[in-house]
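Engineer: I am attaching a structure below and will ask some questions about it afterwards.
The values are calculated or read from the model by the stated rules, or taken from the named source; none is laboratory data. Nothing here was measured: the structure is a model prediction, and the numbers come from that model. Here the Cβ is made from the backbone with ideal geometry for all residues, glycine too, and neighbour counts use every protein chain on show. Calculation scope for accessible area: heavy atoms of the full protein, side chains included, ligands and nucleic acids excluded. Shrake-Rupley method; radii C 1.70, N 1.55, O 1.52, S 1.80 Å.
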Amino acid sequence: MPRTPSEDTPAISIRHLHKWYGAFHVLRDVNLTVARGEKVVVCGPSGSGKSTLIRCINRLEEHQKGTIVVDGIELTDNLKRIDRIRREVGMLFQDFNLFPHLTVLENCILAPVWVRRVPEKEAVQTAMHYLERVRIPDQADKYPGQLSGGQQQRVAIARCLCMNPRVMLFDEPTSALDPEMIKEVLDVMVDLAQTGMTMVCVTHEMGFARTVADRVVFMDGGEIIEENEPEAFFAAPQTARAREFLGQILSHGQQAAGA
Amino acid sequence: MYVKHERHPELPPPPSELGALGWLRHNLFSSWGNALLTVASVALLCWTIPPVLRWAVLDATWLGDTRDACLDSAGACWVFIKVRLGMLAYGFYPQAERWRIDLFFLLLVAGGGPLVLGSLLPRRGPARTLATRGLAAAGAGLALVLHGLLPGLLAAAYLGLPSLLARLRAPAAPGAAAKLGLALLAGVAVHALAPQGVALAAGWTALTLTALVLLVPRADEQGWRLALLLTALPALGAVLFLGDGTWLPEVETDRWGGMFLSLVIALVGIATSLPVGILLALGRRSSLPVIRTLSICYIELIRGVPLISVLFMASVMLPLTLPDGMHVDKLLRALVGVSLFYAAYMAEVVRGGLQGIGRGQYEAAQSLGLSYPKAMILVIMPQALRLVIPGITNTFLGLMKDTTLVAVINLMDLLGVIKSALADSQWLGFTKEAYLFAALAFWVLCFGLSRFALHLERRLRYEKH
């Protein structure tokens, strides 16, 4: 059961969010509240604004109207607030975006040392701890270019965790991976979910959504048009567009999702 | 249906692909046209090299101290270079004070050498420590033997400082800004107490070092060596070259000359054009319209005019605009001119590198909470600069050779000194030797730089370790 927002101050609270790219209205009156520890999966056809929405949460995209409050801090133009929020919000990207000139370990300790000013020794200990958790401690001294896609994405997860974030955002973390590597990344994400991390995840992995999500949010055309518990959403989507979308991705994605 | 159960065995390549014969076939005689070219090239070399060799080495005069030694030889007269070597190297810098220049370059080699060596030797292991420490010890020893006790001590202090500093733990007090302020205050205090000469250099060094110690959370020996090379050594150089009037007699810059002056201009140009160029490149890509416009205007304006005209402007026009009695040293004006000129070129090279870095890298850095400067210094610039090492090297080489243009504003660089040496009525007619020597000197410097850059490029290729 998802926790209701009233139990606690919500981890993320988005109210009447609007965003335009030039004249193009990409996000239209989006409202979303994510409680602490809640796992929300955002899905929808490409171009529906789901990536844009989660990129607004750590200000990689600027919104023009509405409010976003993360961990009690409202996102404004104020750089200090943006920095504070980014420190508490980790983000995973579709193409990993590890720093290729640094080793895996250096990737992991960079932000703790330079942003949180953690002593290097301590940062290394933390990094090794998380690298063990994503099951690649033996790759610590390699460069990202020497790792497979799945390994890189797991390093990216460890790199985020080293900052000890309160919220993690996932922007299609498995879309750029070969099929045989998707599982290793999803397994780590499931582990992470079990630790009680607040997660907002844009993904097409419906199997993952079923096992992990407290709630599924379906977007189309820049709007949230359906929001439900995963079982109910997959069993009986309420809107025609959601039905159509699920029909399309499940018809030939069934094997992958069920695997 | 077809099923294959056994793997095909691995076979060696055919003999025509292997050995010296294979190499010759591939590289020199791969086709009729190529074979013809090979033969023609060998013939050309056989035709041109022997006479040059005969003139420059076999028939040349190496011994003697006067012009008479060369009278009955058909080859080059290297005696001229030998006799004038001091002037070619130091210009009109007073004989008794030339050790100061030697000491500086000794420190440069012994202090910067480990950085080069460090990148040549494996990252871990005793060889690197031994080589870098050995070089430092040798530098200090050489200074002691050649220049006496005080210079020896100075060299030992400078060269030993990096390993000392690396052992210091940075104090973990909060507030980088407060620390920087403190360091600035300390620096200003030192400057106020002793406004010139040795004390000024000491103050500058103290200031920059304090700032570095306080601001940088971690730096190893090599890091400190680089930091000292960029902060303390220039200050030391300025005092050594100029003198402070009490311990070291002052030497006016119009007596500086020769290879020394060329090197000073090249080093200052290289050391300032890169950072200024980086700032200009960032400015040009800034989202703030004022900064962007100013950067674009500066870059396009400077790239649109020849260096000679910049030098002329700095030398002739600038004094006219300055108020009476205010005097800016001619060398300083040339230095500023060369640096700012090359900064514009550097900016475009760096911008090329920045464009090679994907948006994802910026976003990853941002999402981890790195501020703009930190993201640039730690994530973007290391990648962007590595990408454009060939372009940076190119610009540096151009700068090095363009230092000869300062001759047009009557600075006595290597070419200027050669011109005045050739005008000596006792030594008329040795133009070939003099300019060949100059060409050789520049070639050695430029070739060394280009080889080092090439090596650095390979060393920093992180995709395939």
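Engineer: Given the peptides B:341-352, B:413-424, A:44-55, arrange them by the average over their residues of other C-beta atoms within 10 Å, most packed first.
Structural biologist: Per-residue Cβ counts within 10 Å, averaged per peptide and sorted highest first, yield B:341-352, A:44-55, B:413-424.
Engineer: So, one more: How much of the DSSP beta bridge set in the protein assembly as shown is antiparallel, as a percent to the nearest 5?
Structural biologist: The answer is about 50 percent antiparallel.
Engineer: Calculate what fraction, in whole %, of the accessible area of the protein assembly as shown sits on carbon and sulfur atoms when a 1.4 Å probe is rolled over the protein chains.
Structural biologist: Exposed carbon and sulfur together represent 64 percent of the surface.
Engineer: Moving to a separate point now. Counting only residues 5 or more places away or on other chains, whose amide H sits under 5 Å from the amide H of A:C201 once H atoms are built in the peptide plane?
Structural biologist: Under 5 Å from the amide H of A:C201 lie the amide H atoms of A:V40, A:V41, A:V42, A:F170, each far enough along the sequence or on another chain.
Engineer: Interface size between chain A and chain B, please: total buried accessible area, 1.4 Å probe, rounded to the nearest 100 Å².
Structural biologist: Summed over both sides, the interface buries about 2500 Å².
Engineer: In region A:89-238, what % of DSSP beta bridges are antiparallel (nearest 5)?
Structural biologist: 35 percent
Engineer: Taking a probe of 1.4 Å, how large is the accessible area per residue of the protein assembly as shown, in Å²?
Structural biologist: For the protein assembly as shown, the solvent-accessible area averages 51 Å² per residue.
Engineer: A 23 angstrom limit on the alpha carbon distance is what I want to check against. Which of A:K39/A:K65; B:K82/B:K432; A:K80/B:K374; A:K121/A:K142; A:K19/A:K183 exceed it?
Structural biologist: Where the Cα-Cα span goes over 23 Å, the pairs concerned are A:K39/A:K65; A:K19/A:K183.
Engineer: Continuing with the same structure: Check A:M91: other-chain or 5+ apart residues with amide H under 5 Å from its amide H, H built from backbone geometry?
Structural biologist: Distant-sequence amide H within range of A:M91: A:L169.
Engineer: Viscosity 0.692 mPa s, temperature 37 °C: what is the translational diffusion coefficient of chain B from Stokes-Einstein with a Kirkwood Rh over Cα pairs, rounded to a whole number of µm²/s?
Structural biologist: 125 µm²/s
Engineer: Next question. If you count, for every residue in A:55-61, the Cβ atoms of partner chains within 10 Å of its Cβ, what is the mean?
Structural biologist: Whole-number average of other-chain Cβ neighbours for A:55-61 is 2.
Engineer: Let me ask you something else. For A:D83, B:D324, give the ranking by accessible area with the largest first, probe 1.4 Å.
Structural biologist: Largest accessible area first, the list is B:D324, A:D83.
Engineer: Ok, one more. What percent do you get for the relative contact order of chain B when only Cα pairs under 8 Å and 6+ apart count?
Structural biologist: 15 percent
Engineer: Then there is this: How big is the charge dipole of the protein assembly as shown about its Cα centre, in debye rounded to the nearest 20, if each Lys and Arg gets +1 on its Cβ and each Asp and Glu gets -1 on its Cβ?
Structural biologist: 500 debye
Engineer: Residue farthest toward the positive end of the dipole of the protein assembly as shown, with Cβ of Lys/Arg at +1 and Asp/Glu at -1: which of B:G22, B:Y298, B:L318?
Structural biologist: Positive-end residue among those listed: B:L318.
Engineer: So how do A:D141, B:D220 rank on accessible area, 1.4 Å probe, biggest first, that is with the largest at the start?
Structural biologist: Largest accessible area first, the list is A:D141, B:D220.
Engineer: For region A:172-189, what does the Karplus curve 6.51 cos²θ - 1.76 cosθ + 1.60, with θ = phi - 60°, yield as ³J(HN,Hα) per residue in whole Hz, taken in order and with x for Gly and Pro?
Structural biologist: 6, x, 10, 5, 9, 9, 5, x, 6, 9, 4, 4, 4, 6, 4, 4, 5, 5
Engineer: Restricting to DSSP loop positions (anything but H, G, I, E, B) with no more than 14 other Cβ atoms inside 10 Å of their own Cβ, which GluC sites (Glu not before Pro) remain in region A:1-86?
Structural biologist: When the GluC sites (Glu not before Pro) of region A:1-86 are filtered for loop state and at most 14 Cβ neighbours within 10 Å, A:E62 remain.
Engineer: Just to check I understand the Karplus step: with θ = phi - 60° and J = 6.51 cos²θ - 1.76 cosθ + 1.60, what whole-Hz values come out for region B:301-309, glycine and proline as x?
Structural biologist: Rounded to whole hertz, the list is 5, 5, 6, x, 10, x, 4, 4, 6.
Engineer: Separate question: With point charges of +1 on the Cβ of Lys and Arg and -1 on the Cβ of Asp and Glu, referenced to the Cα centre of the protein assembly as shown, which listed residue (B:S31, B:G111, B:A138) lies farthest in the positive direction of the dipole?
Structural biologist: B:A138
Engineer: Something else now. Quote the convex hull volume per residue of region A:91-189, based on C-alpha atoms, as a whole number of Å³.
Structural biologist: About 87 Å³ per residue, rounded to a whole number.
Engineer: Hand me the chymotrypsin sites (Phe, Trp or Tyr not before Pro) from region B:231-288 located in a DSSP loop with no more than 11 other Cβ atoms within 10 Å, in residue order please.
Structural biologist: Within region B:231-288, the qualifying chymotrypsin sites (Phe, Trp or Tyr not before Pro) (loop, at most 11 other Cβ atoms within 10 Å) are B:W247.
Engineer: Let me ask you something else. How large is the charge dipole for region A:51-173, taken about the Cα centre, if only the Cβ atoms of Lys, Arg (+1) and Asp, Glu (-1) carry charge, to the nearest 20 debye?
Structural biologist: Using only the charged Cβ atoms, the result is roughly 260 debye.
Engineer: Among all cysteines in chain B, which have no other cysteine Cβ under 4.7 Å from their own Cβ?
Structural biologist: B:C46, B:C297, B:C446
Engineer: Still on this structure, please answer the following. Placing +1 at every Lys and Arg Cβ and -1 at every Asp and Glu Cβ, with all other atoms neutral, what dipole size does chain A have around its Cα centre, in debye to the nearest 20?
Structural biologist: My answer is approximately 600 debye.
Engineer: Here's something else I'd like to know. So, in Å, what gap is there between the alpha-carbon centers of region B:395-410 and region B:374-391?
Structural biologist: Result: 27 Å between the Cα centres.
Engineer: Around B:G243, with a cut-off of 13 angstrom between Cβ atoms, what is the net charge of the other residues, counting Lys and Arg +1 and Asp and Glu -1?
Structural biologist: -1
Engineer: Find, among the GluC sites (Glu not before Pro) in region B:1-65, those assigned to loop by DSSP (not H, G, I, E, B) with at most 12 other beta-carbon atoms within 10 angstrom.
Structural biologist: Here the GluC sites (Glu not before Pro) that fit, given the DSSP loop and packing criteria, are B:E6, B:E10.
Engineer: So, one more: Which Cα, out of A:S51, A:T239, B:Q222, lies furthest along the positive dipole direction of the protein assembly as shown (beta carbon charges, K/R +1, D/E -1)?
Structural biologist: Toward the positive end, the furthest listed residue is B:Q222.
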